[in-house]
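Participant: There's a structure below that I have some questions on.
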Amino acid sequence: MDLIPRVRCLVWKELLELKADPRLFGILIVAPMLQLLALGYAATTDIENVPVVVVDADRSTASRGLISRFSASPSFAIVDVVSSAREVDSYLERGRAWLALSIPSGYGDAIASNRPQTLQLIADGSDANSTNVALGYATNLLGAYSQERGVLDPRVQVWFNPRLESRHFMIPGVLALLLLAITTILAAMGIVRERELGTLEQLNVTPLRRWELIVGKLLPYALVGMVDVCLVIGIAVLWFEVPLRGSVGLLFAMTAVYLLSTLGLGLFVSTISSTQQQAMMTAAFFFMTPMVFLSGFIFPIENMPAFIQPITYLIPLRYFLVILRSIFLKGVGLETVWPQAAALAAWGAAILTLAIARSTKRAA
């Protein structure tokens, strides 16, 4: 039997096994779409309708104008206007308001005479992340409001994401996470499943070489990964309206390089696991969880402690996140992302080589 037909037959066998298991088919095709739809709405740092209580000790036209500015903003919702700062405590303690804006007596006269006036913002810091975002919104609103009455006329221009929608930043990252989870776990479990069922022993007596067996086992999952990429990109662009400004061909080429890393990691996990459950737990807890936290998807790498930051260079997800977001939002080419592409390719080649070295034809 020639080389290509041998590998093709093994690939076809794997695809038939995937087709024969409706539950596995659902995990491979349906689950990524549902997860993207759910995470596309949930994975966002944008905040709307922040509840605000206002202490208006001035009760002037100027103070009412400032309050109306907050009311007109989609970022805020005025829950009440009180006269004393002592009334604010109950709103913050019970969670009825996240912010309190205190307008002092004499605010209107100070505005009319162009005298500086101090406004106080009180925030509930129990949810630090949301509070920081809300304070940023409030500070920007107050800054714009004061500039309208001053001599400054700043012009701010935001590139790549003019509306500053966090969803445009997060969804490409969700795509990378889905590919990591699906291809790594399924590649590891697929090989271990053959060992548990005893069918791997049947493959051992065939003319297949070790590398042919590995290619034949991993290639179907790479094909499934590419199908998932097509589906996820369609949802991201058509449903969530995430701009895809770069080359689609480059995106698929970089995805193929990324799959080299995830499938190699799955093969490596299969060499240190005896059962499917062990393979799944090992992949999830010892590899994927650290990758998610150290890749920059959730926490900015620049904000991590100095002794942690060098470790992030060992995380392939870090490089693919930069590549995806650059292609989607910036529309750059390979001449810009080649350092990340080279690092990703090197990581994939290293983990795949290590996995092959640990495996034998019997254990593969």
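Participant: Which of (1) at pLDDT below 90; (2) within 13 Å of GLY173 (Cα to Cα); (3) among the aliphatic types (A, V, I, L, M); (4) in a helix (DSSP H, G or I) does ILE298 not meet, given it meets every other one?
Facilitator: The single condition ILE298 does not satisfy is (4).
Participant: Quick one: how many residues across segment 115-141 are at pLDDT below 80 and of a type in the set (Asp, Glu)?
Facilitator: So the count comes out to 1.
Participant: Please list, ordered by first then second residue, the pairs with beta carbon atoms under 6 Å, 6 or more apart or interchain, first in segment 320-346 and at positive phi, second surrounded by fewer than 19 Cβ atoms within 10 Å (Cβ to Cβ).
Facilitator: GLY331/ARG245
Participant: How do the pairs read when you match residues in segment 52-64 that are free of Cβ contacts under 8 Å to residues at least 40 places away in the same chain with residues anywhere that are part of a strand (DSSP E or B) and among the charged types (D, E, K, R), using Cβ under 9 Å and keeping only pairs 6 or more apart or on different chains?
Facilitator: ARG64/ASP56
Participant: Then there's this: Restricting attention to segment 165-180, and to residues there that are closer than 20 Å to LEU294 by Cβ and more than 9 Å from the chain's Cα centre (by Cα), which single residue is surrounded by the fewest Cβ atoms within 10 Å (Cβ to Cβ)? Give the steps one after another, and end with the answer.
Facilitator: The initial filter retains those residues of segment 165-180 that are closer than 20 Å to LEU294 by Cβ, namely 169-170, 172-180.
Next, only the ones that are more than 9 Å from the chain's Cα centre (by Cα) stay: 178-180.
Working: LEU178: 20, LEU179: 24, LEU180: 26.
Across segment 165-180, the extreme among qualifying residues is LEU178.
Participant: Can you name every residue in segment 337-362 that is surrounded by fewer than 16 Cβ atoms within 10 Å (Cβ to Cβ) and assigned to a helix (DSSP H, G or I)? Walk me through it before giving the result.
Facilitator: Within segment 337-362, the first condition is being surrounded by fewer than 16 Cβ atoms within 10 Å (Cβ to Cβ), and the residues that meet it are 338-339, 342, 346, 349-350, 353-354, 357-358, 360, 362.
Matches in segment 337-362: TRP338, PRO339, ALA342, ALA346, ALA349, ALA350, THR353, LEU354, ALA357, ARG358.
Participant: Go through segment 316-336 and report how many residues are crowded, with 22+ Cβ neighbours inside 10 Å and among the β-branched types (Val, Ile, Thr).
Facilitator: 2
Participant: Please count how many residues of segment 271-325 are under 13 Å from the mean Cα position of the chain (by Cα) and among the charged types (D, E, K, R).
Facilitator: So the answer is 2.
The values are calculated or read from the model by the stated rules, or taken from the named source; none is laboratory data. Values in this document were obtained by computation on a predicted structure and should not be read as measured data. Cβ sites come from the backbone with ideal geometry, for glycine too, and all protein chains shown count toward neighbours.
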